[in-house]
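Structure, as structure tokens:
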Amino acid sequence: MKLLRWILLPPIVLLAMALAVANRSSVTFSLDPFNPESPALGVDIPLFLIVLVSVLVGILAGGFGAWAQARRKAARSKGAAPVGGLPALRAAEND
């Protein structure tokens, strides 16, 4: 797994750096879909910042989802009855 990380991570970092260098111009980030020429709420920021923050939010959301799924799976396996558990015990008690 570590080898795969060392193979994939450097090209991804280089690609992100190239993206940041190529997209330094400012764009208007607006949350007003009805008036794009004069938005009520708009900020001029570099395009690469929007892209990198979006990627970071996606990574965090995916990590949170994976963590929640692993936690749910661990709780389910911890609370699960062992193989032959309750039905076998009930049958033994009735005998």
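Here, each number is a calculation from the coordinates, and none is a lab measurement. All of these numbers come straight from a predicted model, not from anything done at the bench. In this analysis, Cβ positions are derived from the backbone assuming ideal geometry, glycine residues included, and neighbour counts consider all displayed protein chains.
Just one of the listed residues (50, 12) is outside any loop (DSSP other than H, G, I, E, B) and touching a strand residue (DSSP E or B) at 6+ places or on another chain (Cβ under 9 Å), namely 50. Cβ-Cβ distances below 6 Å connect the following pairs, each with a first residue in the range 14-25 that is surrounded by fewer than 11 Cβ atoms within 10 Å (Cβ to Cβ), a second residue that is not hydrophobic (A, V, I, L, M, F, W, C), and a separation of six or more residues or different chains: 24/46. The residues of the range 20-40 that are in a loop (DSSP other than H, G, I, E, B) and touching a strand residue (DSSP E or B) at 6+ places or on another chain (Cβ under 8 Å), listed by number, are 23, 24, 25, 31, 32, 36, 39.
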